[in-house]
Each structure stands twice: as C-alpha cells, then as structure tokens.
Amino acid sequence: MKILSLAGSTSSNSINRQLANYAANLVPNAITTKLDLRSLNLPIYSSDQEEQIGIPPDAKHFLELIRSHDAIVISLAEHNGSYSAAFKNLYDWTSRIEQKLWSDKPMLLMATSPGARGGATVLAAAQATFPRMGADLKATFSLPSFYDNFSDGKITTDELNQALLDALEKLTS
C-alpha cells in the first residue's frame, strides 16, 4: 500500500506533521511518501492569478501525488478555528484542476493541537467538506494536548494510541 502522509502546516516543527508521519509509519508494509507543504511554491489563489499564470506546477504535482497513492493520512493544523493559510491555498489551487481533488482515495483525517480540543474545529470543517471534494473518509482521529500525549516520536497514552490503531485499521481494511 502506498500512503501519502501530509500535514496542513508549514511549521518546521509541525506537530501535525509528526502525528501524520507517525500514523503512516504504523501501517505494516506501507510505502509512505511524506509531503512537506514547505516544499510547494504557490502564489495566493485568485481568479486573476489563475487567468494570468494558469495552474501552478506544484498544484498539479500535489494532485498527481494524490492520484498515485492508495491512501492518504492527513493531519490538519488549526489556525483560528480553520485550516492554515498554506493548506487552504493548496486546497483552493488543486480544486481548480479537479473539484474532487481527493480522487476517492481512502483517508484517515486527523488533527492535533497543544490544547485539550485537539484541533476539533478544523477536523469538523474538513469532515463536512472533504467528502464532497472526493475524500473517502474511513476514520478520523484527534490527539488532544499534543505535548502531554506525544513524546519521542510516538503517542505515549495507551488509550489514544489504541484509538489511532483502530482508525488505521479502518483505513486499511
């Protein structure tokens, strides 16, 4: 199974990237592509920009990555209750190529934050919109209080780790 792992964050120390990569690495025999949004070069989306420059190559590359993988593991950063600007921009550009940009791929949708809600607001927003954009949501997972529950590259709370393993089972079954 080929898994695309990404976080909706451009932070060099992204806790969501850490969570997404940890989860993807738990899938036995998976080949994982770890996408870092910092590697993508996209102007801020506007119809004027699209008319002037067309679709940027990195938006096309992102869509090809989605299409070339069997499943997606994504963990969204929550900025003021919504997607990060970088992720929303990528989402907007890519949807101009293909409205159902997630290409009906099985997806594990996650979020984490330093707070007790674990990115619940952005997770709910994505749950409401991603299926309309072609996501086959198999499971969701929220990791609350990241710094209390994640250390040394893994989830340290047995109950939360089991919940993630259960979500991964739904993704891969």
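Scanning region 119-140 for residues being under 20 Å from residue 171 (Cα atoms), among the hydroxyl-bearing types (Ser, Thr, Tyr) and in contact (Cβ under 8 Å) with a residue 24 or more places away in the chain gives a total of 1. Among the residues of region 105-118, is there at least one that is among the small types (Gly, Ala, Ser), under 11 Å from residue 134 (Cβ atoms), buried (at least 17 other Cβ atoms within 10 Å of the Cβ) and without any contact (Cβ under 8 Å) to a residue 60 or more places away in the chain? Checked region 105-118: no residue is among the small types (Gly, Ala, Ser), under 11 Å from residue 134 (Cβ atoms), buried (at least 17 other Cβ atoms within 10 Å of the Cβ) and without any contact (Cβ under 8 Å) to a residue 60 or more places away in the chain. The single condition from (1) in a helix (DSSP H, G or I); (2) under 15 Å from the mean Cα position of the chain (by Cα) that residue 52 fails is (2). Pairs meeting the criteria (first residue in region 142-164 and closer than 16 Å to residue 110 by Cα, second residue among the basic types (Lys, Arg) and modelled with pLDDT of 95 or more, beta carbons under 9 Å, at least 6 apart or on different chains) are 142/117; 144/117; 161/154.
Checking each residue in region 51-63 for being under 15 Å from residue 4 (Cβ atoms) and loosely packed, with under 11 Cβ neighbours inside 10 Å picks out no residue at all.
Residues that are in contact with a Phe, Trp or Tyr (Cβ under 6 Å, 6 or more places away or on another chain), farther than 16 Å from residue 71 by Cβ and at pLDDT 95 or above do not occur anywhere in region 19-41.
The values are calculated or read from the model by the stated rules, or taken from the named source; none is laboratory data. Please read all numbers here as calculations on a predicted model, not as lab measurements. Cβ atoms come from the backbone with ideal geometry, glycine included; neighbour counts cover every protein chain shown.
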